[in-house]
Structures are given as structure tokens and as C-alpha cells.
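Data block below; observations after.
The values are calculated or read from the model by the stated rules, or taken from the named source; none is laboratory data. Fair warning: this is a prediction, and the values are worked out from it, not measured in the lab. For neighbour counting, all protein chains shown are included, and Cβ atoms are generated from backbone atoms with ideal geometry for every residue, glycine included.
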Amino acid sequence: MPRRQRVSRRVVVADPVYRSEALAKFINCLMLNGKRSTAESIVYASLTRIAKSQRREPLEVFDLAVRNATPILEVKPKRVGGATYQVPVEIRHDRRLALARRWIIRSARARHGRSMADRLAAELMDASNGMGQAVKRKEDTHKMAESNRAFSHFRY
């Protein structure tokens with residue numbers, strides 16, 4: 001963190017095919033070792049698989065999947081006296097979306113399947129239907145925040 005100036009946000013250029021800034025950020029998260037073209041080909045192949053199997057607009061399925069995997073609350077450790085409490089706090093909007101993207105990609109990588117495009121398409125379809133590992137992770141995060149609601153007065 002700089003001491004003098006506020007950090008300015010980088011502008012993410014929308015992806016060339018769907019003209020979506022959210023999809024461009026997703027491609028950036030999926031990218032490994034700077035291989036953008038590989039990440040783009042994986043995402044676009046999974047979106048074409050979604051379009052064939054779902055008979056819906058693939059970007060609509062993608063947006064619904066990210067929305068279903070987006071958490072609202074999380075717990076943060078807060079040390080009070082000698083004890084550490086898990087305090088539920090609301091998440092900022094940009095962090096919410098970053099967590100959703102990260103969880104979808106992680107759960108797609110953890111799936112057993114043929115290619116990464118197939119695994120990503122399956123995870124996006126599951127998340128858009130309210131199932132899948134990413135949505136389960138969101139629900140677990142919310143359950144943890146709900147169970148620690150008694151410590152919400154320690155909010156910082």
C-alpha cells in the first residue's frame with residue numbers, strides 16, 4: 001500500500017468475442033504463465049459447449065453462474081483479549097466477484113474430466129443451476145458467517 005496516493009484501478013479491456021468485461025476478467029483469472037490465447041480458447045470452447053447443450057445464450061449462463069457463486073458474507077479473524085473470534089463481515093463488491101471467479105475456476109480444475117474446456121463448461125452449467133462445488137463453497141461460507149453471528153459486535 002502506498003503512503004501518498006490512492007491506487008488507481010486498472011481498466012480491463014472487454015473480450016473481443018462477447019464484448020464483456022466480466023468475461024475478460026474471468027479469462028485473466030484462468031490464465032496461467034501469461035498464456036492468454038490458451039485461456040481464451042478454453043473459455044470460448046466451453047461457452048460453445050454450453051450454447052450447444054443448454055440452448056441458451058452462453059453469456060447469460062456465465063453471468064448466472066457467477067451470480068450464484070458470489071458470496072455476500074465471510075468471516076474474518078479478530079483478536080480480542082487472548083481469544084480469536086471469527087467475525088462475520090460483509091464483502092466489498094469487487095472482492096465478491098473475485099471470489100466467485102476464483103471458486104469457479106478452482107472447482108473446474110478439481111473436476112475429473114476430459115479437457116479443461118469440458119470441465120469449465122460443466123462447472124458453469126452446474127453453478128448456473130445452483131449446484132456444483134463453487135455454489136457449495138459459497139453456502140459453506142454463509143453457514144460459517146451465520147453460525148458466528150454472535151460475534152458480529154466485534155466488527156471492525
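Being surrounded by 13 or more Cβ atoms within 10 Å (Cβ to Cβ), under 14 Å from Leu120 (Cα atoms) and in contact with a Pro (Cβ under 6 Å, 6 or more places away or on another chain) is true of Leu47. Residue check: Asp15 meets all listed conditions (1) free of Cβ contacts under 8 Å to residues at least 12 places away in the same chain; (2) more than 17 Å from Arg106 (Cα to Cα) but one, namely (1). Among the conditions (1) crowded, with 21+ Cβ neighbours inside 10 Å; (2) more than 21 Å from Ala24 (Cα to Cα), the only one that Glu123 does not satisfy is (2).
Of the residues making up the range 70-106, those that are in contact with a helix residue (DSSP H, G or I) (Cβ under 6 Å, 6 or more places away or on another chain) and modelled with pLDDT of 95 or more number 7. Going through (1) of a type in the set (Asp, Glu); (2) surrounded by fewer than 18 Cβ atoms within 10 Å (Cβ to Cβ); (3) under 19 Å from Leu124 (Cα atoms) one by one, Glu40 falls short only on (2).
When restricted to residues that are in a loop (DSSP other than H, G, I, E, B) and either in contact with a Lys or Arg (Cβ under 7 Å, 6 or more places away or on another chain) or aliphatic (A, V, I, L, M) (or both), the range 1-49 contains 9.
Among the residues making up the range 50-75, those that are loosely packed, with under 15 Cβ neighbours inside 10 Å and not small (Gly, Ala, Ser) are Lys52, Arg55, Arg56, Glu57, Glu60, Arg67, Ile72. The residue that is nearest to Glu146 (Cα to Cα), counting only those in the range 50-90 that are of a type in the set (Asp, Glu) and part of a helix (DSSP H, G or I), is Asp63. Among residues of the range 52-67 that are within 13 Å of Glu123 (Cα to Cα), those with a Cβ under 7 angstrom from a residue that is part of a helix (DSSP H, G or I) and hydroxyl-bearing (Ser, Thr, Tyr), sequence gap 6+ or separate chain, pair up as Val61/Ser128; Leu64/Ser128; Ala65/Ser128.
Within the range 137-156, residues that are under 16 Å from Thr70 (Cα atoms) and at pLDDT 90 or above sit with their Cβ atoms under 8 Å from residues that are aromatic (Phe, Trp, Tyr) and part of a helix (DSSP H, G or I), at 6+ positions apart or across chains, in these pairs: Arg137/Trp103; Lys138/Trp103.
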